[in-house]
Amino acid sequence: EDQVTQSPEALRLQEGESSSLNCSYTVSGLRGLFWYRQDPGKGPEFLFTLYSAGEEKEKERLKATLTKKESFLHITAPKPEDSATYLCAVQAGGNEKLTFGTGTRLTIIP
Amino acid sequence: NAGVTQTPKFQVLKTGQSMTLQCAQDMNHNSMYWYRQDPGMGLRLIYYSASEGTTDKGEVPNGYNVSRLNKREFSLRLESAAPSQTSVYFCASSGGGLAKNIQYFGAGTRLSVL
């Protein structure tokens, strides 16, 4: 059974204080690892897909990296508007289904 | 470009009542999905449809039925609602081109069953 664990559950940072969110996974035959952002009262918004160990992708203050066991979402010099819940999901095997972690709730304090 | 549209946005039901949640996408995607999101549980797949005319069970299908009406629309039906079905329901779709495995989500339906 595919498993995804995200840590920490919640993270409070001062504006400009860089940090990383972790997503560890156990799957058979990883096809892709996905990061989403979810704002309160809204649906998840796609950020990145990573397909193989060593791959990195960046968007503004966010950078996602992937190893064979985990992914990190690095946030550099965050701003209050980066406050959201960040979800990690994996796609494995021969189907399109995603298995999600429970998310990290990030709060950036001005 | 609306993307994935869900109706209604909010609903309150009494135990035993039935209702249908509607989902439509305008991205010409083949695959569509229904998830529920509960505190501390993450998003869990209820049902999905890989193409028009096909549906398959996900992780938590009990108490739900689905219909893939056409390529655009995928509905979720609660025949006899229970308090355990109080949740936020999200519809998603994927398919097409280089981004074929990326799922795009609607804004959700917040359902309370009393």
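Here are a few things to note about the model shown:
- Residue match in the stretch A:31-46 (condition: more than 12 Å from chain B (Cβ to nearest Cβ), in contact (Cβ under 8 Å) with a residue 60 or more places away in the chain and either acidic (D, E) or surrounded by fewer than 20 Cβ atoms within 10 Å (Cβ to Cβ) (or both)): no
- Flag if A:T104 is within 12 Å of chain B (Cβ to nearest Cβ), over 20 Å from B:Y33 (Cβ atoms) and in contact with a strand residue (DSSP E or B) (Cβ under 7 Å, 6 or more places away or on another chain): yes
- Residues that are without any contact (Cβ under 8 Å) to a residue 60 or more places away in the chain and either among the β-branched types (V, I, T) or open to solvent by less than 40 Å² (accessible area, probe 1.4 Å) (or both) are absent from the stretch A:95-104 altogether.
The values are calculated or read from the model by the stated rules, or taken from the named source; none is laboratory data. Since this is a predicted model, take the numbers as computed values, not measurements. No Cβ is skipped: glycine too gets one built from the backbone with ideal geometry, and neighbour counts run over all protein chains shown. Please note that ligands, DNA and RNA were not included when accessible areas were found on the heavy atoms of the full protein model with its side chains. Shrake-Rupley method; radii C 1.70, N 1.55, O 1.52, S 1.80 Å.
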